[in-house]
Amino acid sequence: MSTVTDSIFLPATAARFDNLVTLYPVKRSALVPMLLYAQDEIGYVSDAVVAEIAQRLDLLELDVRGVLSYYSMLRTEPAGKFNVQVCTNISCMIVGGYDILDHCKQRLGIGHKGVTPDGQFSLEEVECIGACCWAPAMQVNYDFHDNLTPAKVDAILDDYAAGRGEDVK
Amino acid sequence: MPDVTLTVDGQKITAPAGTLLIDACKTAGIQIPAFCYYPGLSLQAACRMCVVRIDKMPKLQTACTTPIAEGMVVSSESPEIAQARKATLQLLLGNHPLDCPVCDAGGQCELQDMTFKYGAAHSFYQEPKNHREEQQWSPTVYFDRPRCILCYRCVRMCGEGMDVYALGIQNRGSSAVIAPNIPASQSEDGLQHLDCEECGMCIDVCPVGALTSDTYRYKTRPWEMNHVATVCTHCGDGCKTSLGVRQTIDGSEIVRGDNRDKSGINGDFLCNKGRYGFDFANSPERITQPMLKQADGSHKAVSWDEALRFTGKKLREIREARGGGSIGVVGGNRLTNEEAYLLQKFARSVLGTNNIDHHRTADYVTFAAALSGHRDRFASQHDNEKAPAVLLIGGDPTNEAPLTAWNLRSNVRLNGARLYVANHAQIKLRRQAKAFLEIAPFGYGAVAAYLAGDDAAAQSAAHDGENLGRFREALRGEGSLLILIGSELRGNDLRRLVEFGLALPNTNFALLSDYVNAHGAADMGLLPDMLPGYQPLGGTHDYSSEYGERFSNTPGRDMVGIFDAAQTGDLAALYLVNANPVARYSVDPASLSNTFVVVHDMFLTETVRLADVILPSANLYEKSGSVTNSYGDLQLVKKASDRAGVRTDLELLVRVADAMGADVRKLVPFGKKPQANGIRADLGQTRGAQSGEADRHAVWLTSNNLEIKLSPFDPFAVLDEIQRLVPGYDLLRLQLMSGNDQHLAPAAPADLVRIEPTRRDLVLPAEDTLFTSGTLGRYSPKLVELADKYTHEPVGIPAD
Amino acid sequence: MPTLVSHPDEVKVLSRRFGQGAANIDRYLELDGYKAVQKAIENGPEWVISEMKASGLRGRGGAGFPTGMKWSFVPKTSEKPKYVLVNGDESEPGTCKDHVIFLHDPHAIIEGTMIAGLAIGAKMGFIYLRGEYRYLLKIVEKAVADAYAKGVLGKNIFGKEGVDFDIVTQTGAGAYEVGEESALMESLEGKRGVPRIKPPFPAVVGLYGGPTVINNAETIASAPHILLMGGAEYAKIGSERNGGTRLFGISGMVERPGIYELPMGYNLKKAIYEVAGGVKGGKKLKAVVPGGSSCPVLTADELDVGLDFDQMGKAGTMLGSGGIVVLDETVSMVEFALRTIKFYQHESCGWCIPCREGTDWLKKTLTRFYNGGGNAKDINNIQYLAENMMGRTFCPLGDAAAMPTIAFVKKFRHEFEEYLGGTRTEKNFITTDELVGAAH
């Protein structure tokens, strides 16, 4: 294992990464989870994240970039503290998914992949998130919110804005 | 593998089991189209162009991933298949810019060819094409994203083929894109860039015009050039490079170098020097007029007549006044065999001196001596392609002999060859090695001794003694071994290593040298103590009777001896043919102030500046003849371009000899009988037994892209004599003429090849990198640009 | 938190522990948890495989390959380690069944993984969840940790010398394509989720080059139940060659959307009108996407069909992932087609030309069409494009995009034609802007 002396991550995350590479027969297997956890902490996958992960896994930065750009949840620009991801795929769409998205756009004053000026919220239209039977649905960071109505969305966003929202990581 | 038989389009074909359908078909003359498939690289099955119908299979199958099977029934063309291919092309063309009229690939584009074949002319789309600006990724590589069809050949070639891994894929779906290894966020200009070996293989394999080279892009169209396949002038591997040549007002200009038909010794490979390093030939700094040094030290252009007459007169006076022994001759490493041979013959038979040498980059004399009597043990470049085990001791082929490195990597990757690397440095090829032995500083001799059985040498051979032992054991365990030897091993060290190898059951050897014809220079006797074919002066040979009364059987001065003589005032004249010893050996210019210096050269090098006579000469791309690579593989050099005002070294030697009053017919056995040993071809006879011979010969020469030059300047006249007199040069003319390489090895009788124990090997490796090439490299703008960029190791190489 | 629903027609095998707190290992043990794996250890791999074969269980991911047979393909001996891989990368639009298994019965997946491992001789299993299921990963991670703590996982399981099994859990990071088995292996190996060339199939050369069984999470979770009740008993529940039950997720315009466990072969029309309570608000049903977005759409007249792999195949569609999406009369089929293709365009990995370019051109053409710029030729072109993707792509994603598209155009051609006449639905949610923005 590559030892990283001046990790950019918090000690707990760095320790988690040290452990992660030992779980698999091949340490490269840790790459996708590592990128997610790094993003959770830093807010996005920065050049520094790419560099440290490449070092930890003995990969070329080019390889890390190739993988990171493949997965739609990974981003190379900061998102809001609360990333609102509204599903508009078929099951959600036919029960009002786009209404929810429109509502979020108006409420937050931003469009798809936009970030509010205070950095609190960002918005994304996403593909199916696996909550079809409870549509329309959205995720705020990793948390699911389903059977949405515009009023329910307002309440949820109010909660996050007030620091009462859940934030599972 | 046993053979299996299958039916393709009603035709029975047979190939070894395990062969991929696409390859089996190709061998049988059935061409299956493919963009992503590339022999020797991993399979993609991504382009879906090679789909075929196989009986009993529900869907069309990709021929590139299907191994053949006994009794398989395949159809490779049908309306269904044509429609599948057409639909794929329609999809590609939807976004592909139709800038074929200006695209570099226009006229040699696989997408064009397939569209032509399958007629995907109809477009269904109204949406604008996705446009992206062209990007310059490196001094040599441009990327035009909309043209890219994402076949991933470049990515695989760079990674698997070159072991560089500078190209990758980013994003996915229709946003997927080939990406170089320096992201925009990390480059000074905010654009993406490549940090790599600049080999250009990515451009070579690109089926369309997505990757283009800086040297060629938007310069001309493929059909406006003459394509001449000749041998690269740079390193000792001797790759075939196809030069694209266009007429200009002062001759012709090389516009492109590439590996056009992949028919050469280098197969699929060509490095940056073979591809881009031709530009010195087009340099405005070329000397194109003869010049004589004036009293004030300046050089004045004169007529050829004046220059030659002056040179001949001066040399004759010096020979008469101070004897041939006062004249030194230094030849270059980029001359043809014919020129090298003629130079030493000119020296020995016209100037009357054995003070002959060249810049030696490997100890071929010891090598020939150590292996004398073992003519079958000299390895060819081709042995690298298939040898089951290879020991590479010394050298750094990745930088110094890129084809050798390519062949070794491919052999390891494709055939599972075992590569053993012993080196003082962590050379890149260790990444392919089964075992790597780090040799202690100056430890090559000790390693050779240890391998040969001298256990006492272990201490100074390597720091890791255990590894050393294991390394030797592993080598001894190989049933068949190819030993590639770097120039670090010379003299006795080289001899010991050869002894070690000869003690193993089945070992071949090759000694790696620098420049296109360093090996030929040695073979042709550009040496003070060796005649052509490693026949020692002072020994028994035919040259005494061949070279006339001025020939002496006493060894002359070597390179160091020649300049020592200059220092002591014993060197009256120095004749240099495309050599730059003043820079290479740090000669004090003042020491040559009383020496009459004649040079053939292209540029005003350190040496040329000191010359009394400068005769502008042609380079390898402007002449015909033959060269011999490090391995002894002989190849034909074809004249590609032309520069008004310059002459080949061969012609210059003949003219200077003529100006000295020598009998040119004795120097070059040209013309018709009864000239002794001359060419027998008849050019004028219209009656009798040989009538029509001239026509037939002319037709044959023309069909082989040769000119009839039955003149003293015809290199084949010299080659005739080489074939007749040089042991080992028992070559097949037809093989040479057809552009194929043939392997030659020294053949002087073992008891004749003796060398003095005190002999100086004088080996001075060129130490060229991927981006330098001796003195010549300095005059290649592209190589200079690349050398400036890469003052460090490319980042594209992953950790082990 | 997903709500649980229930209906008397349900046969609760897989879902019998749902809502009972079975994510807690003690509770799981009370509910016959980890008994099946012990039975498997006692009776050996061949017994397990024969029970699985007898059960008639077919892959619940959507392909419907018989699970017992898949397990039997793994070579008995192998130089490289063998692996079990659980595909929880549930991403097919309309599908959320694995979601509830991970949520309510994570130990069933662990137990199923162990059973598969025993059957093929693997000592290591991986449970791979889609990246969006982070909260479910936490649940599964806790279950795995509890299982280790109880000696259910690890070395000498249940005190049995030499019976070892380890499980590693992780998520992806947003890629539908990773649901394809070989792409999932690539992803698990830390690479781009691009499928591999087959053959070799995973059973021979899979994860890390070792023989690998890869099963959908629901398939794996069914295994313990099959061993407990016996393969033959399980088979009896379902229809011919389609053993057992499966989780059907009914979504869209129905009164009671939700996950229902119904016997294989259950009538689709009944599932919609009785189990899910019929079309919401008493509206008219227009169409049904029967098994996730890649399945060709059925019209209101085509619903009298049994929900199993064979009957759905005969009806010209697929059972797929069991995600039934019900469309009422207000849904525009043009819009629905566009939203479907927009998804596949977004998720195409880009490897092969027909899928990469085909989905992109379909999306572009449909977007223009949808926004009023269409012409009569477009309708044929859409069909031509889709038909020329079918069967020609590197992996099934191309087919998954082409099949529904062909069905939309063929079965609802009149709606496409009406679009040209200007009688479009009033509200166009999907704007070109968003489509461009949503692209990666």
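Structure values in brief
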| item | result |
| --- | --- |
| Filtered residue count, the stretch C:203-222, keeping only those that are in a helix (DSSP H, G or I), open to solvent by less than 10 Å² (accessible area, probe 1.4 Å) and at the interface with chain A (Cβ under 10 Å from one of its Cβ atoms) | 1 |
| Unmet criterion (only one of (1) more than 29 Å from residue C:92 (Cβ to Cβ); (2) more than 9 Å from every other protein chain (Cβ to nearest Cβ); (3) free of Cβ contacts under 8 Å to residues at least 24 places away in the same chain; (4) open to solvent by 40 Å² or more (accessible area, probe 1.4 Å)) for residue A:47 | (2) |
| Scan of the stretch B:141-186 for residues that are within 11 Å of chain C (Cβ to nearest Cβ) and over 13 Å from residue B:205 (Cβ atoms), ordered by number | B:150, B:168, B:169, B:170, B:171, B:172, B:173, B:174, B:175, B:176, B:177 |
| Filter pass, residue B:25 being within 12 Å of chain C (Cβ to nearest Cβ) and out of contact with any Lys or Arg (no Cβ under 6 Å at 6 or more places or on another chain) | no |
| Top-ranked residue of the stretch C:181-202 - restricted to ones that are out of contact with any helix residue (DSSP H, G or I) (no Cβ under 7 Å at 6 or more places or on another chain) and more than 12 Å from residue C:86 (Cβ to Cβ), ranked as nearest to the other protein chains (Cβ to nearest Cβ) | C:197 |
| Per-region count, the stretch B:160-186, residues surrounded by fewer than 22 Cβ atoms within 10 Å (Cβ to Cβ) and part of a helix (DSSP H, G or I) | 5 |
| Residues of the stretch B:552-580 satisfying the condition of being more than 23 Å from residue B:534 (Cα to Cα) and not aromatic (Phe, Trp, Tyr) | B:564, B:565, B:566, B:567, B:568, B:569, B:570, B:571, B:572, B:573, B:574, B:580 |
| Identity of the residue in the stretch C:349-379, more than 9 Å from chain B (Cβ to nearest Cβ) and in a helix (DSSP H, G or I), that ends up surrounded by the most Cβ atoms within 10 Å (Cβ to Cβ) | C:366 |
| Unique residue being open to solvent by 10 Å² or more (accessible area, probe 1.4 Å), without any contact (Cβ under 8 Å) to a residue 12 or more places away in the chain and not assigned by TED's automatic domain parsing to the domain that holds residue A:127 when the list is A:20, A:60 | A:60 |
| Residues that are open to solvent by less than 20 Å² (accessible area, probe 1.4 Å) and in contact with a helix residue (DSSP H, G or I) (Cβ under 7 Å, 6 or more places away or on another chain), drawn from the stretch B:451-471 | B:451, B:457, B:461, B:462, B:468 |
| The stretch B:72-97 - residue that is of a type outside the set (A, V, I, L, M) and touching a residue at least 40 places away in the same chain (Cβ under 8 Å) and, of those, farthest from residue B:109 (Cα to Cα) | B:75 |
| In the stretch C:304-318, the residues that are in a loop (DSSP other than H, G, I, E, B) and over 17 Å from residue C:276 (Cβ atoms) | C:308, C:315, C:316, C:317, C:318 |
| Flag for residue B:509 being in contact with a helix residue (DSSP H, G or I) (Cβ under 9 Å, 6 or more places away or on another chain), in contact (Cβ under 8 Å) with a residue 40 or more places away in the chain, aromatic (Phe, Trp, Tyr) and assigned to a helix (DSSP H, G or I) | no |
| Residue match in the stretch A:104-117 (condition: within 11 Å of another protein chain (Cβ to nearest Cβ), of a type in the set (Val, Ile, Thr) and touching a helix residue (DSSP H, G or I) at 6+ places or on another chain (Cβ under 8 Å)) | no |
| Failed condition for residue B:334, given (1) crowded, with 24+ Cβ neighbours inside 10 Å; (2) touching a Lys or Arg at 6+ places or on another chain (Cβ under 6 Å) | (2) |
| Single unsatisfied condition, residue C:124 versus (1) in contact (Cβ under 8 Å) with a residue 24 or more places away in the chain; (2) open to solvent by 20 Å² or more (accessible area, probe 1.4 Å); (3) at positive phi | (3) |
| Selection count where residues are closer than 24 Å to residue C:179 by Cβ and free of Cβ contacts under 8 Å to residues at least 12 places away in the same chain, scope the stretch C:293-328 | 1 |
| Residue that is nearest to residue A:167 (Cα to Cα) [pool: residues in the stretch C:133-152 that are over 24 Å from the mean Cα position of the chain (by Cα) and buried (at least 24 other Cβ atoms within 10 Å of the Cβ)] | C:147 |
| Residue count, the stretch B:346-361 (criterion: open to solvent by 10 Å² or more (accessible area, probe 1.4 Å) and either of a type in the set (Gly, Ala, Ser) or free of Cβ contacts under 8 Å to residues at least 24 places away in the same chain (or both)) | 2 |
| Matching residues, the stretch C:370-379, being of a type outside the set (A, V, I, L, M) and over 31 Å from the mean Cα position of the chain (by Cα) | C:371, C:372, C:373, C:374, C:375, C:377, C:378 |
| Single residue of A:130, A:111 found to be surrounded by fewer than 20 Cβ atoms within 10 Å (Cβ to Cβ) and more than 19 Å from residue A:159 (Cβ to Cβ) | A:111 |
| Tally, over the stretch C:82-113, of residues that are more than 9 Å from every other protein chain (Cβ to nearest Cβ), open to solvent by less than 10 Å² (accessible area, probe 1.4 Å) and in a helix (DSSP H, G or I) | 10 |
| Where residue B:592 falls short, out of the listed (1) farther than 28 Å from residue B:779 by Cα; (2) over 31 Å from the mean Cα position of the chain (by Cα) | (1) |
| Members of the stretch B:534-562 that are part of a loop (DSSP other than H, G, I, E, B), within 20 Å of residue B:728 (Cα to Cα) and touching a helix residue (DSSP H, G or I) at 6+ places or on another chain (Cβ under 7 Å) | B:534, B:542, B:547 |
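The values are calculated or read from the model by the stated rules, or taken from the named source; none is laboratory data. The shown structure was predicted, so the numbers you read here are calculated from the model rather than taken from an experiment. Neighbour counts run over all protein chains shown; Cβ positions are idealised from the backbone, glycine included. For the accessible areas, the whole protein counts, side chains as well, though only heavy atoms, and no ligand, DNA or RNA atoms are used. Shrake-Rupley method; radii C 1.70, N 1.55, O 1.52, S 1.80 Å.
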